[in-house]
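Accompanying notes for the structure given below.
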Amino acid sequence: MENSGLGSDFWEKYDDITDWVSLRLKLTPEQEEKALPLMEKNFELQLNILEDYGFARGKMPKLTREQKEELDAKIIAVRAATRVEMVKILNAEQLEELKKIQQEYHEEFRRRLNEN
């Protein structure tokens, strides 16, 4: 396993995230048609933010406390905006599962960020 950066497993999850989230949310074909483009956009925006701060596969830059907090806030904002759009597509149970998924990713991201 790669130990530099956010770790290869972190990036692997991003590579096939839409499939994994779709299965976990138990999306219908109609929901997938609407939700998948939103999820892809969400993850692309998050990756762009990470790249803006110098993150890449195997590369995790040293950030100040202020930069870490700023980065964290930007990631949270993207996730919140995505959830606003997903409310129109998901039922209550699926929305709760989406919140869990987002929380799990956020906790993992914060843990790795704080290890740096």
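Where a number appears in this text, it was derived from the coordinates with a stated rule and is not lab data. Worth saying up front: this structure is predicted, and the values here are computed from it rather than measured. Positions of Cβ are backbone-derived with ideal geometry, glycine not excepted, and every protein chain shown enters the neighbour counts.
Taking the C-alpha atoms only, the angle from helix 29-52 to the longest principal axis of the chain is near 10 degrees. Each stretch of four or more DSSP H residues adds -39500 (n - 2.57); spread over every residue of the chain, this sum gives -25000 deg cm²/dmol at 222 nm.
Please pull out the direction-averaged projected area of region 21-76, using the convex hull of its alpha-carbon atoms, in nm² to one decimal place. With every direction weighted equally, the projected area is 4.7 nm².
Annotation for region 79-111: trypsin sites (Lys or Arg not before Pro) lying in DSSP loop with at most 11 further Cβ atoms inside 10 Å of their Cβ are Lys88.
Would you mind working out the magnitude of the charge dipole of the chain relative to its Cα centre, with +1 at each Lys and Arg C-beta and -1 at each Asp and Glu C-beta, to the nearest 20 Debye?
On the way: 19 positive and 25 negative charges, 74 e Å.
With Lys and Arg at +1 and Asp and Glu at -1, about 360 debye.
For the chain, pairs of C-alpha atoms spaced more than 26 angstrom apart make up 20 percent of the total. Within the set Lys68/Lys100; Lys26/Lys100; Lys62/Lys100; Lys26/Lys88; Lys26/Lys99, which residue pairs have Cα atoms separated by over 25 Å? Among Lys68/Lys100; Lys26/Lys100; Lys62/Lys100; Lys26/Lys88; Lys26/Lys99, the Cα-Cα distance tops 25 Å for Lys62/Lys100.
For region 8-115, what's the relative contact order in percent, using C-alpha pairs closer than 8 Å and at least 6 residues apart?
Details: 46 pairs, mean separation 35.7, N = 108.
It comes to 33 percent, rounded to a whole number.
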